[in-house]
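First comes the structure, then the notes that go with it.
Just so it is clear, none of the values below were taken in a lab; they were calculated from the coordinates. Note that the structure is a prediction, hence the values are computed from the model and not measured. Methodologically, a virtual Cβ is constructed for each residue, glycine included, from the backbone with ideal geometry; neighbour enumeration extends over all protein chains shown.
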Amino acid sequence: MMEELFIALWVIMSILAIAMAIHAVLSRDLIKATILMAGVSLIASFLFVLLRAPDVAMAEASIGSALTAIILVLAIRNTKRFEEGGGEK
Amino acid sequence: MIGIQTIIGMAFISIGLLFQFLGALGLVRLPDVYNRLQAATKSITMGAISIAIGVGVIDLSLLPKALLVVIFLMLTNPLSSHAIARAAYNSGVPLWKGSVVDRYGPALKKLQKRRGRS
Amino acid sequence: MMERYDIHRSIPAILLALLVAATIFYAFVEVGFGEAKVDEEGSVSNRFISNSTQETGSSNFVTAVVVNYRGFDTLGEVTVLFLASAGMGAIVSALPAGDKRKRPIPPSLILTAGTRLVLPLIILFGSYVFVHGHLSPGGGFQGGVIIASGLLLYLVIFPEWKAPHKALALSESLAGLSFAGIGIIGLAVGGIFLDNVISGLGEAGMLVSAGLIPLIYIAIGIKVGAEMTGLVARMKGGDA
């Protein structure tokens, strides 16, 4: 029973992470893409906890979803928020 | 054989789950940023804190850690929701059409006027 | 906020991601879910799992591997991090400062008071994580990043605060030097670079039990925290 629950949780979280990642790639709003990327990191850290790797989970949660996101947001603030399309809009 | 402790803990966790569900529902159904933020904040203050207390009651050795988590959530959650609401207002996210009162806008204008004069 | 998806633009990225996913899947498809890939009697990982607690006194064998058995690699890793942050600092500080036509909104009382309340707790937690690296999950890198994110909160809430770049650089260099110095102590006393020369203090599970490992992790924590804070402060700009 626990095993099935574990695998179900794993599959749901993985699908959620993949959906968020695809959305982040396709998004033209860079702030939105950054937030989605931070969400992917958060889900990845949750999956690391499920796999009993708490060390990696702590590193992933703090670096992936806090520091990287903030560095990207600062970079976007100094440049442009919306991606300009190559080709027709 | 279920002890009284487990029953109390389960009651806390059930209350927490109910609030988490209502928060998620509010996030989907409510009309604008500010209302949704209210729902999300409730789901943390009542939901997550109640679940943490429930876990602490079921396993008493976890109670100090659970209380620490509760204190930290109580400190940070209002801060972050305040910051999000303020940032949304200041970057010009409109209120929902049916909103009846906006106390922050006039107060902000008054503050800016006072700051401009001095 | 109009936002339109342009699928054609993203096809190479999606293809690349699918390719990487297929490669990883192909590499691990024969390994059962949750099982170890190499599970023989004399394999390296089994040796680390069964012997690391007696040999190093560290209860967390990830820490034992990172700081003791593969300590030299960690020194290299810290050096790479230092080089990356130095390079990024050089590039960012050579750029012209961003436009300042939008004055930031001053922080409200709730935010400033709350930050003053929360910041010491965050720094305490980060220090706890890197001091207890050999007992509980976490370690120097994680603790340092937690401290950096706390200082980052301060930097965001108080935009006029100037990061003390000289003090940050000084603490970073001192921490790096002490890491190398601990290695040289091991070389001088035990004959091996980064040898864990202090041993037999207390039983495994106590704070002092792991000899030099906590000291190395404290140095790494301070170094990573100072580095990350300086990097983000440079990135934020306005105080070059």
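Could you grab the relative contact order for segment B:4-117? Cα pairs under 8 Å, six or more apart, rounded to a whole percent.
27
Placing R0 at 22 angstrom, the Cβ-Cβ distance between residue C:23 and residue A:51 gives a FRET efficiency of 0.65 after rounding to 0.05.
Across chain B, the fraction of Cα-Cα pairs farther apart than 20 Å, rounded to a whole number, is 56%. Mean sequence separation of contacting Cα pairs (under 8 Å, at least six apart), scaled by the length of chain A, corresponds to a relative contact order of 29 percent.
Assuming a ≥ b ≥ c are the square roots of the Cα gyration tensor eigenvalues, decide whether chain A counts as rounded (a/c under 1.5), prolate (otherwise, with a/b larger than b/c) or oblate. Because a/c hits 1.5 or more and a/b fails to exceed b/c, chain A counts as oblate. Note on C:136-145: average number of Cβ atoms from other chains within 10 Å of each residue's Cβ is 5.
Treating r as the C-beta distance of residue C:166 and residue C:119 and R0 as 25 Å, the FRET efficiency rounds to 0.75. When peptides A:44-50, B:93-99, C:70-76 are sorted by average Cβ neighbour count within 10 Å, with the highest value leading, the order is A:44-50, C:70-76, B:93-99. Summary of packing: across the peptides A:1-9, B:84-92, B:33-41, the per-residue average of other C-beta atoms within 10 Å ranks them, highest first, as B:33-41, B:84-92, A:1-9.
By other beta-carbon atoms within 10 Å, ranking B:10, C:228 with the fewest at the front produces B:10, C:228.
With each label point set 7 Å from Cα along the Cα-Cβ vector, what nm distance links residue A:25 and residue B:84? So the two model labels end up 2.8 nm from each other. Here segment C:124-206 yields Rg over Rh of 1.09, to two decimals, using C-alpha coordinates and the Kirkwood radius.
The orientation-averaged shadow of the Cα convex hull for the protein assembly as shown, equal to a quarter of the hull surface, comes to 28.7 nm². If R0 equals 35 Å, the separation of the Cβ atoms of residue C:158 and residue C:203 corresponds to a calculated FRET efficiency of about 0.20. Sorting B:65, C:166 from the fewest to the most surrounding beta carbons within 10 angstrom yields C:166, B:65.
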